[in-house]
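The block underneath contains the structure these notes are about, expressed in structure tokens.
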Amino acid sequence: MYSPVWQTAAAAHVPIASAAVSRGRGVLPSPTSVVNTLFTLEDVQACYGGCFACAMRMPADAVVDLVDILRPGLPHSGLSPLCRTALALRYVRGGSYVDICAVLGVHPATLCRSLWEVIDAINATPSLDLDFQMSRYQRRLGYAGGIQRRRASPFGDVIGALDGVTVRQEQPLASYVQCVADYNSRKGFYAFNTQAGCEADYKFRWMSCMSPGACHDSTAFASTRFGKILLDPTHELTAALISAGNCLVADEAYAASEVLAVPCPGSGRGDR
């Protein structure tokens, strides 16, 4: 009677492992070292060409500003702060780790380590806190002026932009949620509908992740505490925004209001 396959494999593995250890080597070869030479913005831009802004989800000047903010909290040896930040931005943008490592010339373990280093640096940076401070008039003036300068916009009253994104998750258990199908987004995977708002420097100032993936953006926003405030014209903050003429902009997935500017139906595509 033959031994089970797993026993045979295990018995064969013992002399192989013993020989490897006796020679001072591991059973599996260590990954070859990858030399990364991406130190400047131009180096990283060359990897993506004209698709750089799309790959990073922000223009080059915003990436440089973010790197300058995170630099004190990032390691001073190894990869440059710019390369670490680019790795993290590309990954959270939804890029495949295989493609990221191939394009930017790093090992997967380096990508994983850099991602957490950047996240830790973000969490430790007070200036990146999620705090819109819309009740402060001077802060709203700063937001409006920044958007007008960056976008060369004729409008001087826009203080931020609002949008939703589906954040992928594993299929939830039926014992944890009321309806599993509610989390199956229109993109074909289970997700949360995450609402977020940013200002001129592409910094997120507000976010909410409490609606299932199948939820419409307008409904998801209306169910948040921030959304309920902005949809109530009698609220103190909303009344102040209306009085000052300030507003947020969003796409046509949202309902227009006195403080939420959206395109006319059917005209929201492109930069028109």
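Worth a mention:
- Extreme residue, modelled with the highest pLDDT, among residues of the stretch 18-59 that are aliphatic (A, V, I, L, M) and in a loop (DSSP other than H, G, I, E, B): M58
- Note on the stretch 195-272: enclosed helices (runs of 4 or more DSSP H) holding 1 or more residues that are over 13 Å from D163 (Cα atoms) and of a type in the set (V, I, T) are 225-230, 236-244.
- Test: G145 is assigned by TED's automatic domain parsing to the domain that holds M207 and loosely packed, with under 15 Cβ neighbours inside 10 Å: yes
- When the stretch 113-129 is filtered for residues that are surrounded by 12 or more Cβ atoms within 10 Å (Cβ to Cβ) and touching a residue at least 12 places away in the same chain (Cβ under 8 Å), the ones remaining, listed by number, are S114, L115, E117, V118, I119, D120, A121, I122, T125, L128.
- Cross-chain or 6+ apart pairs with Cβ under 9 Å, the stretch 219-230 first and among the hydroxyl-bearing types (S, T, Y), then surrounded by fewer than 17 Cβ atoms within 10 Å (Cβ to Cβ): S223/M210; T224/M210
- Residue match in the stretch 168-187 (condition: under 17 Å from L66 (Cα atoms) and touching a residue at least 24 places away in the same chain (Cβ under 8 Å)): no
- Test: residue in the stretch 65-74 that is in the same structural domain as P108 (by TED's automatic domain parsing), surrounded by 14 or more Cβ atoms within 10 Å (Cβ to Cβ) and not in a helix (DSSP H, G or I): yes
- Residue count for the stretch 160-194 satisfying the condition of being part of a strand (DSSP E or B) and not aromatic (F, W, Y): 13.
- Test for K187: is it surrounded by fewer than 16 Cβ atoms within 10 Å (Cβ to Cβ), basic (K, R) and touching a Ser or Thr at 6+ places or on another chain (Cβ under 7 Å): yes
- The single condition among (1) free of Cβ contacts under 8 Å to residues at least 12 places away in the same chain; (2) over 23 Å from I69 (Cα atoms); (3) of a type outside the set (A, V, I, L, M) that H216 does not satisfy is (1).
The values are calculated or read from the model by the stated rules, or taken from the named source; none is laboratory data. Treat the numbers as computed from the prediction; the structure is a model and nothing was measured. Note: ideal-geometry Cβ built from the backbone for every residue, glycine included; neighbour counts use all protein chains shown.
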